[in-house]
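Q: Please find one structure pasted underneath; my questions will follow.
Every number in this text was worked out from the coordinates using simple rules, so none of it is lab data. Please read all numbers here as calculations on a predicted model, not as lab measurements. As a convention, Cβ positions derive from the backbone with ideal geometry for all residues, glycine included, and neighbour counts pool all protein chains shown.
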Amino acid sequence: MAYTGDVTVGGPPDVHELTHLVITKIAVGPMENNAYLLRCRATGDQLLVDAAADAPALVELVGPDGLVGVVTTHRHGDHWGALAEVVAATGARTYAGRHDAEGIPVPTEVPVDDGDQIAVGRCRLTARHLVGHTPGSVALVYDDPEGHPHLLTGDSLFPGGVGNTFGDSAAFTRLLADVEGKLFAQLPDETWVYPGHGADTTLGAERPHLAEWRERGW
């Protein structure tokens with residue numbers, strides 16, 4: 001079946017089969033977070049993005065091949081609730097945005113800055129530092145050499161808008177500027193977006209609404 005990205009807590013994961021990378025999406029409770037397991041086809045190396053909750057489900061998803069790393073997209077607790085248990089079970093290295101690492105209780109072994117690359121076997125992810133939802137949120141770009149880019153955004157970009165900035169107008173302005181400048185300005189409409197909660201989207205579906213988001217202020 002074709003990948004849709006439609007997953008529910010307790011339901012089966014959905015698998016996006018790319019030429020060199022396999023992206024498996026699963027929803028975990030209690031806050032309906034998305035977690036993503038990335039697997040390099042050539043080497044079998046695996047990377048988890050957001051060990052959000054339900055460590056047993058995530059460890060089962062990882063399987064016997066283990067993890068080379070876990071990337072935490074930002075410091076909010078619903079995105080690292082299972083991190084300690086997953087790391088203990090797999091021995092994975094921990095990655096997080098440099099400016100959010102202090103807010104994550106599991107030590108960050110590899111602080112991530114804008115433009116840094118994270119390897120998953122022979123595949124490479126490029127980090128984009130997006131300020132606003134938190135000081136150190138990161139998105140991850142996989143520029144598929146055989147197709148369009150794939151973008152994991154944490155809670156910085158969703159269908160219908162940027163992430164919550166909790167009524168802080170300056171934070172909203174900064175987040176929208178970062179999302180426009182580092183994502184929309186640099187990536188094509190075909191870019192597939194995998195957010196931290198809910199349904200997937202594409203940059204092309206969201207691009208026409210940027211002015212509307214700016215006007216409404218959230």
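Q: Kindly write out, for the stretch 146-154 in residue order, the coupling ³J(HN,Hα) from the Karplus curve 6.51 cos²θ - 1.76 cosθ + 1.60 (θ = phi - 60°), rounded to whole Hz, with x marking Gly and Pro.
A: 10, x, 8, x, 10, 10, 9, 10, x
Q: Compute, for the stretch 14-216, the length of the dipole vector about the Cα centre, with Cβ point charges of +1 (Lys, Arg) and -1 (Asp, Glu) only. Units Debye, rounded to 20.
A: 280
Q: Further question: If you line up the Cα atoms of the stretch 106-218 on their principal axes, what length do they span on each, largest first, in Å?
A: Cα spread of the stretch 106-218 along its principal axes, largest to smallest: 42, 35, 24 Å.
Q: Please state, to two decimals, what the Cα-based radius of gyration of the stretch 56-109 comes to when divided by 2.2 N^0.38 Å (N = residues). Walk me through the numbers before you get to the answer.
A: Working: Rg = 10.8 Å, N = 54, 2.2 N^0.38 = 10.0 Å.
Cα Rg divided by the expected 2.2 N^0.38 Å: 1.08.
Q: Something else about it: Could you tell me what fraction of 2.2 N^0.38 Å the Cα radius of gyration of the stretch 1-83 comes to, as a two-decimal ratio?
A: The stretch 1-83 yields a ratio of 1.03.
Q: For the chain, state what percent of all Cα-Cα pairs lands in each successive 5 Å bin, counting from 0 Å until the bin that includes the largest distance.
A: Pairs per bin, as whole percents: 1, 8, 16, 21, 22, 17, 10, 4, 1, 0.
Q: Amide H to amide H, which residues 5 or more places from Val112 or on other chains are under 5 Å from it, using H placed in the peptide plane?
A: The list, which skips near neighbours in sequence, is Ala96, Gly97, Arg98.
Q: What are the ³J(HN,Hα) couplings of the stretch 161-166, residue after residue, when phi is run through the Karplus curve with 6.51, -1.76, 1.60 and θ = phi - 60°? Round to Hz, x for glycine and proline.
A: Per-residue couplings from phi come out as x, 7, x, 5, 10, 6 Hz.
Q: Which listed residue (Pro159, Leu125, Tyr95) has the Cα farthest towards the positive end of the charge dipole for the stretch 91-218, taking +1 on Lys and Arg C-beta and -1 on Asp and Glu C-beta about the Cα centre?
A: Tyr95
Q: Let me ask something additional. With n ≥ 4 as the cut-off for DSSP H runs, can you work out [θ] at 222 nm for the chain, using -39500 (n - 2.57) per run divided by the number of residues, rounded to the nearest 500?
A: My calculation for the chain gives -4500 deg cm²/dmol from helical runs alone.
Q: What are the ³J(HN,Hα) values, in whole Hz, obtained from phi via the Karplus relation 6.51 cos²θ - 1.76 cosθ + 1.60 with θ = phi - 60°, for each residue of the stretch 194-202 in sequence order, with x given for Gly and Pro?
A: Result, ordered by residue: 10, x, x, 9, x, 6, 6, 8, 10 Hz.
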